[in-house]
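J.: This structure is in structure tokens; I'll ask about it shortly.
The values are calculated or read from the model by the stated rules, or taken from the named source; none is laboratory data. On a predicted model such as this, the values are computed, not experimentally measured, just so you know. Note that each Cβ is placed from the backbone with ideal geometry, even for glycine, and that neighbours are counted across all protein chains shown.
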């Protein structure tokens, strides 16, 4: 009995030590790294998975990406919990800079939003290049529309378009307008399941696998332009920010090598993001 | 039906190929959850036993509180630990946010009430049975605790397993404090959440199947240990 118990105790001790040992090993990273708060569109479209290893090879710096909505990413930056913010909503980015939370904002790349909807197209908007007119038709037909509702860059763009169409979607919330409060992928999953319309960034749409009856119905309106900006969290406000490493990442993204790497990322031959960094004229 | 069949295929493929990415994710998940359960047991074993054995003023209140904490939503625990570890928070200077340590901390908070409540329940019964005899023999209540825990060790295994089940399966807390960073804080459950987001339903389900397999293995191991320590 005692030997059996001793064996069991030894086994339990071994498991515990192994768990503790491996967790400390995983927790301590020897190589330099930065934390980047970014959006679900850059992560879920696969861009980072393609881009970051190239940067790490060139610089020796690892990049830890926390992928959330633009609103939340800026909040993480405000609290000083990351070094770099890489998002897509110009008005809130400029506010972030103006409030002193970030410095050195640069425009890195763009893609565009697309309106996706069911094959059956109940609002008859397919093929249109006027997104505001399409939104009006969807509201008039009371066709189901799924919204991110998570204060992300896409969500903010969508809300601006509804305002431009002069439609108060809050009044229709819960009826044809469904606010899911979730990321782009889950929102597309919901739209696919309900045969609803939704606004998506092209990158996430191209890499999305569970499309079912959904397809692009409206694209090519200049109001669907989607600019991505990168900025350093203000080291004067948060001394823990890794200023030098963060700037190296921003410099690389806006270097010719970084810009070419962004342009080279394709899914089935489709380019997802278009680099458009311009050196400031001084 | 097609998706489920594809998921089964994928799951078999992932395991058969010893996919290194999957391996890393599984090791991290196990390391985080096992460490959290061990830490929660260090708190929960003495706390649960003390609740059963000692008589003090707010005992009933403490028991009610521990039982209520069983229903803690993981995302709330995640938010609380996030605020604790965030730079402006009380533990902010340690820089632990978005690390495996943060995930261990969150899961420990989540699991400690489970271990405490189950240990309390087990020891309470034993105390009713042996308490008077122990006290009459001259043992103090404090001395009685290790004795009672040793008698009730079979139920401690149940407490450990319940805690582990809660930890390994939750996603709400660790996705908030860990950030689901690839190769750093990406576990089985956060990967499943991510793959679902990408519309990779079959792959997400395949990972779920692997997770069930791992839970089975842990349960079987514990069952074996229990047979040795409990009934030998």
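J.: Just give me the residues in region A:46-65 being surrounded by fewer than 23 Cβ atoms within 10 Å (Cβ to Cβ) and at the interface with chain B (Cβ under 10 Å from one of its Cβ atoms), in sequence order.
T.: Hits for region A:46-65 are A:46, A:48, A:49, A:52, A:62, A:64.
J.: Something else now. Answer yes or no as to whether residue B:96 is crowded, with 16+ Cβ neighbours inside 10 Å and either outside any helix (DSSP H, G or I) or without any contact (Cβ under 8 Å) to a residue 40 or more places away in the chain (or both).
T.: yes
J.: Which pairs do you get when a residue that is at positive phi, found in region A:199-217, comes within reach of a residue that is not in a helix (DSSP H, G or I), reach meaning Cβ atoms under 9 angstrom, with the pair 6+ apart or on two chains?
T.: That search, which allows pairs on different chains as well, returns A:212/A:118; A:212/A:195.
J.: Hey, any hits in region B:37-48 for a residue that's farther than 23 Å from residue B:147 by Cα and surrounded by 13 or more Cβ atoms within 10 Å (Cβ to Cβ)? Lay out the reasoning, then the answer.
T.: Here is the first cut: in region B:37-48, the residues farther than 23 Å from residue B:147 by Cα are none.
No, every residue in region B:37-48 fails to be farther than 23 Å from residue B:147 by Cα and surrounded by 13 or more Cβ atoms within 10 Å (Cβ to Cβ).
J.: Among the strands (runs of 3 or more DSSP E) confined wholly to region A:145-253, which include 3 or more residues that are in contact with a strand residue (DSSP E or B) (Cβ under 8 Å, 6 or more places away or on another chain) and at pLDDT 95 or above?
T.: Filter on region A:145-253 gives A:145-147, A:198-201, A:214-218, A:225-233.
J.: Provide a single number: the residues in region B:105-157 that are in a helix (DSSP H, G or I) and under 21 Å from the mean Cα position of the chain (by Cα).
T.: From region B:105-157, those in a helix (DSSP H, G or I) are B:105-136, B:141-151, B:153-157; that's our starting set.
Among the residues that remain, those that are also under 21 Å from the mean Cα position of the chain (by Cα) are: B:105-123, B:149, B:153-157.
Number of matching residues: 25.
J.: A further question on this structure: Any idea which of (1) within 13 Å of chain A (Cβ to nearest Cβ); (2) surrounded by fewer than 19 Cβ atoms within 10 Å (Cβ to Cβ) is the one residue B:212 doesn't satisfy?
T.: (1)
J.: Looking at this structure, is residue B:184 modelled with pLDDT under 85, farther than 15 Å from residue A:186 by Cα, in contact with a helix residue (DSSP H, G or I) (Cβ under 8 Å, 6 or more places away or on another chain) and facing chain A (nearest Cβ under 8 Å)?
T.: Spelling it out, it is not the case that residue B:184 is modelled with pLDDT under 85, farther than 15 Å from residue A:186 by Cα, in contact with a helix residue (DSSP H, G or I) (Cβ under 8 Å, 6 or more places away or on another chain) and facing chain A (nearest Cβ under 8 Å).
J.: If we scan region A:254-268, do we find a residue that is in contact (Cβ under 8 Å) with a residue 60 or more places away in the chain, on the phi > 0 side of the Ramachandran plot and not in a helix (DSSP H, G or I)?
T.: Within region A:254-268 (the criterion being in contact (Cβ under 8 Å) with a residue 60 or more places away in the chain, on the phi > 0 side of the Ramachandran plot and not in a helix (DSSP H, G or I)), the answer is yes, since at least one residue qualifies.
J.: Right, something else. Pick out, from region A:1-110, the helices (runs of 4 or more DSSP H) lying fully within it that include 1 or more residues that are touching a helix residue (DSSP H, G or I) at 6+ places or on another chain (Cβ under 6 Å) and either in the same structural domain as residue A:254 (by TED's automatic domain parsing) or at pLDDT 95 or above (or both).
T.: Helices (runs of 4 or more DSSP H) meeting the threshold: A:40-44, A:47-59, A:70-78, A:90-98.
J.: Kindly indicate whether residue B:66 is touching a residue at least 12 places away in the same chain (Cβ under 8 Å), more than 13 Å from chain A (Cβ to nearest Cβ) and either buried (at least 21 other Cβ atoms within 10 Å of the Cβ) or under 30 Å from residue B:131 (Cα atoms) (or both).
T.: Spelling it out, residue B:66 is indeed touching a residue at least 12 places away in the same chain (Cβ under 8 Å), more than 13 Å from chain A (Cβ to nearest Cβ) and either buried (at least 21 other Cβ atoms within 10 Å of the Cβ) or under 30 Å from residue B:131 (Cα atoms) (or both).
J.: State whether the residues of region B:7-29 include one that is crowded, with 19+ Cβ neighbours inside 10 Å, within 14 Å of another protein chain (Cβ to nearest Cβ) and over 24 Å from the mean Cα position of the chain (by Cα).
T.: Yes, region B:7-29 contains at least one residue that is crowded, with 19+ Cβ neighbours inside 10 Å, within 14 Å of another protein chain (Cβ to nearest Cβ) and over 24 Å from the mean Cα position of the chain (by Cα).
J.: Restricting to region A:101-138, name every residue that is within 23 Å of the chain's Cα centre (by Cα) and either at positive phi or free of Cβ contacts under 8 Å to residues at least 12 places away in the same chain (or both).
T.: Scanning region A:101-138 gives a single hit, A:104.
J.: Give B:157, B:176, B:171 a once-over and let me know the one that is within 12 Å of chain A (Cβ to nearest Cβ), touching a helix residue (DSSP H, G or I) at 6+ places or on another chain (Cβ under 9 Å) and at pLDDT 90 or above. Step through it out loud before you land on a result.
T.: Working: B:157 fails: at pLDDT 90 or above; B:171 fails: within 12 Å of chain A (Cβ to nearest Cβ).
So the residue among B:157, B:176, B:171 that is within 12 Å of chain A (Cβ to nearest Cβ), touching a helix residue (DSSP H, G or I) at 6+ places or on another chain (Cβ under 9 Å) and at pLDDT 90 or above is B:176.
J.: While we're on this one: For region A:176-184, state whether one or more residues are crowded, with 23+ Cβ neighbours inside 10 Å, within 14 Å of another protein chain (Cβ to nearest Cβ) and on the phi < 0 side of the Ramachandran plot.
T.: Yes, region A:176-184 contains a residue that is crowded, with 23+ Cβ neighbours inside 10 Å, within 14 Å of another protein chain (Cβ to nearest Cβ) and on the phi < 0 side of the Ramachandran plot.
J.: While we're here: If you check residue B:88 against the conditions, is it within 14 Å of another protein chain (Cβ to nearest Cβ), in a loop (DSSP other than H, G, I, E, B) and surrounded by fewer than 21 Cβ atoms within 10 Å (Cβ to Cβ)?
T.: Details: within 14 Å of another protein chain (Cβ to nearest Cβ): yes; in a loop (DSSP other than H, G, I, E, B): yes; surrounded by fewer than 21 Cβ atoms within 10 Å (Cβ to Cβ): yes.
So residue B:88 fits the description; yes.
J.: Against the definition (in a helix (DSSP H, G or I), on the phi < 0 side of the Ramachandran plot, more than 10 Å from every other protein chain (Cβ to nearest Cβ) and without any contact (Cβ under 8 Å) to a residue 40 or more places away in the chain), how does residue B:166 come out, yes or no?
T.: Details: in a helix (DSSP H, G or I): yes; on the phi < 0 side of the Ramachandran plot: yes; more than 10 Å from every other protein chain (Cβ to nearest Cβ): yes; without any contact (Cβ under 8 Å) to a residue 40 or more places away in the chain: no.
Answer is no for this residue.
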